[in-house]
Amino acid sequence: MNRPGFTTARLRAEPVELRHAAAMVRALRDPRIFQFLIDDPPTLEKLERQYAFLTAGKSPDGSEHWLTWILFPHDPSAAPAGFVQATIREPDTAHVAYVLSPSHWRKGFGREALTALLDLVFERYRVERAIAEMDTRNEASIALVRSLGFVHVQTVKDVAELKGSSSDEHVFELRRAGWRHRYQSGFSTNLP
C-alpha cells in the first residue's frame with residue numbers, strides 16, 4: 001500500500017514499514033517511555049508483528065484507517081525520534097497518539113509532530129474530532145495537548161493496571177472547527 005509521509009521543520013515522517021522495527025526497538029528501549037503506558041519496551045519480534053499488522057493501513061473490515069509514521073530528525077544519520085499515529089473512524093473520530101524517545105523530550109518535537117498529524121488528519125479525512133487519551137499522571141503530554149487546543153472531556157477511573165497500580169485516564173477532544181489556528185510548524189506534506 002502506498003501511504004505518503006510528511007515533513008516538518010525538523011522531522012521527516014515515514015509510513016511504518018517492517019524495516020523500521022530494528023531501529024525502533026533501540027529507540028524504544030528506555031523504560032521511561034513506558035512509565036505511563038501499559039506496555040514495556042518491545043522485543044524485535046513483537047515490534048515486527050505489530051508493524052506487519054499496521055502496514056495494511058486499514059482494519060480487516062475496512063472501517064478504520066491505521067496511520068503510523070516513524071519520526072526521524074532531518075539528519076540522515078540520526079536514529080528514529082519516535083512515532084505518531086492516528087486511528088481514523090470516519091466520519092466521526094481520529095484517535096491520535098505519539099511516543100518520543102527521551103533524547104527528544106522537551107525540545108518541541110512532540111508539538112511539531114502532533115501539529116503536523118492533526119493538520120493531515122483534518123485536511124485529508126472526514127473526521128469531526130480528534131481524541132487523545134493519556135494517564136492522568138502524564139503531565140507533559142497533558143500540557144502538550146492542552147496547548148494545541150484539546151479540551152478535557154472525561155476522566156475514566158481504573159482503566160488498567162499500570163506497573164503495579166491502578167491507572168486513571170484523561171480523555172481530551174479537539175473539534176475540527178476548533179483547529180482554526182494554524183501553527184507555524186514549517187510542516188508540509190508530500191501527499192499526492
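Only the coordinates and a few stated rules stand behind these numbers; no lab work does. Everything quoted here is computed from the prediction, not taken from an experiment. Please note: Cβ atoms are built from the backbone with ideal geometry, for glycine as well, and neighbour counts cover all protein chains shown.
Give the residue that is farthest from residue 89 (Cα to Cα), with candidates limited to residues of the range 51-75 that are without any contact (Cβ under 8 Å) to a residue 40 or more places away in the chain and of a type in the set (Gly, Ala, Ser). Top of the filtered list is 52. Pairing residues of the range 24-35 that are within 15 Å of residue 105 (Cβ to Cβ) with residues that are hydrophobic (A, V, I, L, M, F, W, C) and in a helix (DSSP H, G or I), at Cβ distances under 8 Å and at least 6 apart in sequence or on separate chains, gives 28/47.
Can you work out which of the residues in the range 142-159 that are among the β-branched types (Val, Ile, Thr) and more than 18 Å from the chain's Cα centre (by Cα) is surrounded by the most Cβ atoms within 10 Å (Cβ to Cβ)? By that ranking, first place goes to 159.
For the range 125-136, the count of residues that are closer than 26 Å to residue 22 by Cα and not small (Gly, Ala, Ser) is zero.
Kindly indicate whether residue 139 is under 23 Å from residue 33 (Cα atoms) and surrounded by fewer than 21 Cβ atoms within 10 Å (Cβ to Cβ).
Answer is yes for this residue.
Let me confirm something: among 93, 7, which residue is within 30 Å of residue 175 (Cβ to Cβ), polar (S, T, N, Q) and free of Cβ contacts under 8 Å to residues at least 60 places away in the same chain? Break it down stepwise before answering.
Details: 7 fails: free of Cβ contacts under 8 Å to residues at least 60 places away in the same chain.
The match here is 93.
Among residues of the range 114-125 that are closer than 18 Å to residue 66 by Cβ, those with a Cβ under 9 angstrom from a residue that is aliphatic (A, V, I, L, M) and part of a helix (DSSP H, G or I), sequence gap 6+ or separate chain, pair up as 114/144; 114/145. Among the residues of the range 91-112, are any surrounded by fewer than 17 Cβ atoms within 10 Å (Cβ to Cβ), under 19 Å from residue 5 (Cβ atoms) and in contact with a strand residue (DSSP E or B) (Cβ under 8 Å, 6 or more places away or on another chain)? Within the range 91-112, not a single residue is surrounded by fewer than 17 Cβ atoms within 10 Å (Cβ to Cβ), under 19 Å from residue 5 (Cβ atoms) and in contact with a strand residue (DSSP E or B) (Cβ under 8 Å, 6 or more places away or on another chain). Filtered by the rule that a residue be within 12 Å of the chain's Cα centre (by Cα) and of a type outside the set (A, V, I, L, M, F, W, C), the range 87-139 gives 87, 95, 98, 110, 111, 112, 115, 133. Filtering the range 49-86 to residues that are over 23 Å from residue 103 (Cα atoms) and over 18 Å from the mean Cα position of the chain (by Cα) leaves 49, 60, 61, 62, 63.
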